[in-house]
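The values are calculated or read from the model by the stated rules, or taken from the named source; none is laboratory data. Values in this document were obtained by computation on a predicted structure and should not be read as measured data. Positions of Cβ are generated from backbone atoms using ideal geometry, with glycine treated the same way; all protein chains shown enter the neighbour counts.
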Amino acid sequence: MSNILEVANVRVRFRSQGALQALVQGNSDPYIDAVRDVSFSVKEGETFTLVGESGSGKSTLAMAVAGLHKAAEGSILFNGDDVTTMDDDAMQTYRKQISFMWQNPVGSLSPRLSVGSLITEPFKIHGLKQQDLRAESDRLLKLVGLPAHFSERYPHQLSGGQARRVGVARALALHPKLIIADEPTAGLDVSVQGEILNLLNRLQDELGVSMFVITHNLNIVRHISDQTAIMYLGRFVELGDTDAIFAQAKHPYTLALLSANPEADPDAQINRIELKGEVPSLLMRPRGCEFHTRCPFVAEGCDQTFPPVHSDNQHWLTCHYPR
Amino acid sequence: MSDNVLTIKDLSVHYATNAGVLKALRHINLDVPRGSIVGVVGESGCGKSTLIGSIIRLLADNADVPNGSIEFEGNDLIKLNQDQMRAIRGNSMSIVFQDPMSTLNPVLSIGRQMVDIQYRDKKSYAEKLARSTEMLASVGIPDPAGRLKQFPHEFSGGMQQRISIAMALQANPSLLIADEPTTALDATLEVQIIHLLKELQTNMGCSILFISHHLGVIAELCDFVVVMYAGEVVEEGSVRDVFHRPTHPYTQKLLQCDPAVIAEKSRHLPTIPGEIPNLVEVPPGCVFRNRCEQAMEQCSTVVPLWDECRPGHFVTCHRARE
Amino acid sequence: MILLLKRICREPMGLLGLVLVVLISLSALLASVIAPHDPIALNIVDRLQGPSANYILGTDQLGRDLFSRVLYGGQVALKVALISIALALSIGVLLGMLAGFGPSWLDNLIMLFFDTIRSFPTVMFALATVALVGPSLSTVIVVIVITSIPNYGRVIRTQTLTIKNNEFIQAERVMGASLGRILWVHVLPNVMGPLMILASMDIPTVVALEAGLSFLGMGVKPPTPSWGSILNDGYTLIRNTPWPIIAGSLPLVLITLGFTFLGESLRDLIDPKLRKSL
């Protein structure tokens, strides 16, 4: 199976100060790195999940893959073509082959357009108006399990779950090869989360679409993901086969995340690995291993040198003292 | 009859809308025993916000309370006027909301806000400042005296929520209402806040009414659980009873569907098909009827009664009586 | 739309405003049908008469029927108001959206343009232009358009900046929508609401400006009736008869009240709905 997406050493930066201010303060590098040196690949027909907390840079990375943010360094290869060096025409072609599902289900739908118009937006944007848009709208609604009359509704009339489905329908309009889903279960009730995950899994089985999922909810990862990466302060700390990560996580941060999930059982043993302090500011990255300020297993050398990479077949991580 | 800090009996709340009368809460019974943490579990549309609004008596203009009582510290809150309620709010009863940034005034320093809410006390400014510093320290803010001068945006989300909790507990309330305080936070921050609430509750002896849709958090933090669905309380009991012996079909399904609970990897997760019914035209019989797999004939016609199926464990379900 | 009208009618102020606006607009539109006399026809014999069955508001110093002049004056007032506001809106909205959405250098440039115009006091600017170009209806319109563009532009710019980073706009960009499409289909309908209300409340201001210029003799040329010129005549004739002044000021007062009441109830009704639906 080939790789549909190959990301290598990507860095995404944002200006932290205006040019004049930087000059006055003698700041030679007025940028913050939201994403710093990230590499991974997604196999065709597979789901790759990125797990991280707020401030980890996961949404920024997703948007860089989608072409919304510029990658300052590195390459993003989609079927062999580098997204970072595409011209406008190539970009438009790329945009037809990928789609994005947004975190806010209702907020990502243009408020004055009906569901039918929203789902067929991709056709209109790319000038494919000769298609029978009404038929396409019906087909897509059916695909996501919504009744045809929903095409007359407006975003504010939809529940969270329904709006999610509309987002999925829109994402499927042009038969994309890759769907990027940012927090697909955010804002959904627990009894409805399963519906969306089932839908995504079914679509992958039926249509063979690859998925790149971003989430901070570890509970859903196991059920949809083939490969998982854990992200902290803009870098990957651990990456591998999902089952391997859940069964034998080695990085302290991954272990802390896995243990931070309260179980729905009042008598459950609480084996929590508590993290100290708060996420450091991107303006002042810690020296050495960037996680050492919060690591419960911090030891000699963690604050001096960058942690080495350990990689054996399916499992990759950077840590001085993997568990 | 145990000593309750809050007793809600047969409370109903209706809203007058263009489409008709929306029966948001129907005959709610809920107890918060003194010194305990009661969790309220429910999904969208269950009436959690209306419940909170009724307790603190800040409901929308088109709301009406046709029946019921809310006993708190010897008063029926429904019968009090707004002046009397103001003496209670922020004093013997306080509330922490989901989004700390909306609770905190962005243009005033934390210290200023924390001193301001002590306006009822006839203490000196220095004493009030000291109390605020003490509260900040108790919620785990490092260097509290120095940070009193800072503004909300200078704190991270987790810290802002801690500050909100400090402000809520400053007047030593007998009841703290927490409305989804951890929903917006990451998992690692969430467990820190739960830990904090548990600690504070033990030290200060206040009771907590904790609203959340996160089952794991409820299981870990709460002593008692109340399950709400479409405006009714469908199950209430100790946390062990509700989680280990769920009696109402909705509770059972909820526990089955939570992706966290499903230990084995599955590409096809269970869900609860259907939607909550229209609360303007409440269907006859049991409100969960259209989504219940165990429904019987009388479920469509007879409204189930609030029944004690086990000591201290209440449920509204026809099946429970069998 | 119909729902909106119904809700306006429920408020007494809104209803009054709506009634006044409709009355004045209709009377202006149908002036040629309703007016009992020719507004510019001289009839010296009947000069300076008070109200009577023949002359509802009396006559001016040249014997012209004041009522007919008021009706036709309404045409001038509304024509100036609607054309100038429509033009100012179109240009202001376009520039505002570009300023809000585009790169910061474009924003700075457009804001500089706006600020330059706004630094001129409106009336001075109007007088200066008229002095240069000569009084006429088109001059008045051009002056009003130029001075109104920055006001609308600024409001639209702020609205655009607010929704620029909303997720649905990001979603459109990821799908590859062009700037034009984003602005026309997705930004414009979501920012126009407050602006329409602002524009409707500007109508009385523009009408007053036109009346003021005409009062000073800098507006429409006689004998074209304008409420301002009626007022001017009334000013000189105040010792002889109060009726020209009443005739000139009454419509101005009514149109200001009408549009203000209507605009205010529209704003009360639309804003909370906007918030809810957005």
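Values computed for the structure shown
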item	result
The listed residue being within 14 Å of chain A (Cβ to nearest Cβ), within 20 Å of residue B:25 (Cα to Cα) and among the β-branched types (Val, Ile, Thr), out of B:276, B:262, B:272	B:276
Residue match in region B:102-112 (condition: in the same structural domain as residue B:276 (by TED's automatic domain parsing) and basic (Lys, Arg))	no
Those residues of region A:294-323 which are among the β-branched types (Val, Ile, Thr) and within 15 Å of residue A:254 (Cα to Cα), in sequence order	A:298, A:318
Test result for residue A:205, within 14 Å of chain B (Cβ to nearest Cβ), more than 27 Å from residue B:155 (Cβ to Cβ) and touching a residue at least 24 places away in the same chain (Cβ under 8 Å)	no
Conditions (1) acidic (Asp, Glu); (2) touching a residue at least 60 places away in the same chain (Cβ under 8 Å); (3) within 9 Å of chain B (Cβ to nearest Cβ): number failed by residue A:238	(3)
Among (1) modelled with pLDDT of 85 or more; (2) under 23 Å from residue C:252 (Cβ atoms), the one test that residue C:122 misses	(1)
Some residue of region B:237-247 being facing chain A (nearest Cβ under 10 Å) and closer than 26 Å to residue B:89 by Cα	no
Test: residue in region A:156-173 that is basic (Lys, Arg) and surrounded by fewer than 22 Cβ atoms within 10 Å (Cβ to Cβ)	no
Candidates A:234, A:167, filtered to the one that is under 21 Å from residue A:65 (Cα atoms) and in contact with an Asp or Glu (Cβ under 8 Å, 6 or more places away or on another chain)	A:234
Candidate set from region B:56-103 (those that are more than 20 Å from the chain's Cα centre (by Cα), of a type outside the set (Asp, Glu) and part of a loop (DSSP other than H, G, I, E, B)); member that is surrounded by the fewest Cβ atoms within 10 Å (Cβ to Cβ)	B:74
Hits in region C:49-70 (condition: touching a Pro at 6+ places or on another chain (Cβ under 7 Å) and over 15 Å from residue C:249 (Cα atoms))	C:64, C:65
Residue within region A:177-187 that is assigned to a helix (DSSP H, G or I), crowded, with 23+ Cβ neighbours inside 10 Å, under 21 Å from the mean Cα position of the chain (by Cα) and at pLDDT 90 or above present	no
Checklist (1) over 29 Å from residue B:143 (Cβ atoms); (2) part of a loop (DSSP other than H, G, I, E, B); (3) within 14 Å of chain B (Cβ to nearest Cβ) applied to residue A:223, failing item	(2)
Number of the condition not met by residue A:213 [criteria: (1) outside any helix (DSSP H, G or I); (2) among the hydrophobic types (A, V, I, L, M, F, W, C); (3) at the interface with chain B (Cβ under 9 Å from one of its Cβ atoms)]	(3)
Lone unmet requirement of (1) of a type in the set (A, V, I, L, M); (2) within 22 Å of residue B:222 (Cα to Cα); (3) touching an Asp or Glu at 6+ places or on another chain (Cβ under 9 Å); (4) modelled with pLDDT of 90 or more for residue B:178	(3)
Flag for residue B:44 being over 29 Å from residue B:166 (Cβ atoms), under 14 Å from the mean Cα position of the chain (by Cα) and modelled with pLDDT under 90	yes
Count of region B:267-296 residues which are acidic (Asp, Glu) and in contact (Cβ under 8 Å) with a residue 40 or more places away in the chain	2
Residue A:275 of a type outside the set (D, E, K, R), within 8 Å of another protein chain (Cβ to nearest Cβ), in contact (Cβ under 8 Å) with a residue 12 or more places away in the chain and touching a Phe, Trp or Tyr at 6+ places or on another chain (Cβ under 9 Å)	yes
The lone exception for residue A:171 - which of (1) aliphatic (A, V, I, L, M); (2) within 18 Å of the chain's Cα centre (by Cα); (3) away from every other protein chain (no Cβ under 12 Å) it fails	(3)
Strands (runs of 3 or more DSSP E) completely within region A:1-119 that count 2 or more residues being within 14 Å of chain C (Cβ to nearest Cβ) and among the aliphatic types (A, V, I, L, M)	A:98-101
Which numbered condition residue B:231 fails, given (1) assigned by TED's automatic domain parsing to the domain that holds residue B:115; (2) touching a Gly at 6+ places or on another chain (Cβ under 8 Å)	(1)
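A quick yes/no check of all residues on (1) surrounded by fewer than 18 Cβ atoms within 10 Å (Cβ to Cβ); (2) assigned to a helix (DSSP H, G or I); (3) free of Cβ contacts under 8 Å to residues at least 12 places away in the same chain; (4) among the polar types (S, T, N, Q):
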| position | (1), (2), (3), (4) |
| --- | --- |
| C:95 | no, yes, no, no |
| C:113 | yes, yes, no, no |
| C:120 | yes, no, no, no |
| C:141 | no, yes, no, no |
| C:148 | no, yes, no, yes |
| C:152 | no, yes, no, no |
| C:160 | no, yes, no, yes |
